[in-house]
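Please treat every number below as a calculation from the coordinates, not as lab data. As the structure is a prediction and not an experimental result, all values here were calculated from the model. Note: ideal-geometry Cβ built from the backbone for every residue, glycine included; neighbour counts use all protein chains shown.
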Amino acid sequence: MVEDIKQQQKQGLGNFKNCLAVCCLTDILGNGRAWAMTLGLVVSELSEEPVWKGKVITFGDSQYELLLHSIQGNDLKSKAKFMMRTNKDFSIANFPEACDLILEVAVNENLKPEQMVKKVFVFTDFSCHGIDWKPSYEAVRSKFKEQGYGDDAIPKVLIWGLFDFNMPSIVEPHPGLKILSGYSDNLGKVFLDNGGEIGPHQLMEAAIADKEYQALSAVD
């Protein structure tokens, strides 16, 4: 699937060209953790901007310190092992800190607005419910503007809590910021097929993708 998406991007059809994954995971083994690492690897492979290609934001030596890592390994197995080593127990998906790190890299590399990360995907197996994300996103927005990056250069953020395998749901607490909870194989496919764009329409598409719904037809 990754190679198919790469071919689409060469034809101008892909939307992962300038994206970055943030993997904030607990130390609990499970499907949510596995899917978060898998999606993080896929996004890193699909990003084409040299500054971000093959990179992922995960924790460093401290469980409280996020770092931009170049993913190490020559094959999927070795890259997955690298992801396992760099992901440690944490308390919350800290996307503002991740955006601070992105901004620091952009300033140090003197990146133009068009080279800035367009989408940030925060993959976590921790609950994102009950958190007021709006002030955090506004703070990120202000910091970017202070460094000369306007609204068109501020990354759109999707925080995806893969801890819950019930019916997926999505909210948009602030323009440019979405919170997605839940996971299914169909939703993962829809996410990749749509270049990371997720909304109510995509959730419905994933929900009716199972075989038992294929025989249904709309009647006017």
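About the centre of its Cα atoms, segment 17-211 shows a dipole size close to 300 debye [charges on the beta carbon of Lys, Arg (+1) and Asp, Glu (-1) only; nearest 20 debye]. Using a cutoff of 8 angstrom between alpha carbon atoms and counting only pairs six or more residues apart, the relative contact order for segment 17-211 works out to 20 percent. For the peptides 43-54, 198-209, the ranking by mean Cβ contacts within 10 Å, running from highest to lowest, is 43-54, 198-209. 3J(HN,Hα) couplings calculated from phi for segment 38-50 with the Karplus curve 6.51 cos²θ - 1.76 cosθ + 1.60 (θ = phi - 60°) are, in sequence order, 4, 5, x, 5, 4, 4, 5, 6, 8, 5, 10, 5, x Hz; Gly and Pro show x.
Calculate, for Met204 and Asn108, the FRET efficiency according to 1/(1 + (r/R0)^6) with r their C-beta to C-beta distance and R0 45 Å; round to the nearest 0.05. Efficiency for this residue pair is about 0.60. In this rough spin-label picture, where each label sits 7 Å from Cα along the Cβ direction, the Ala139-Lys77 distance is 4.3 nm.
The residue among Phe191, Ile179, Met116 whose Cα reaches farthest toward the positive pole of the charge dipole of segment 17-211, with charges on the beta-carbon of Lys, Arg, Asp and Glu, is Phe191.
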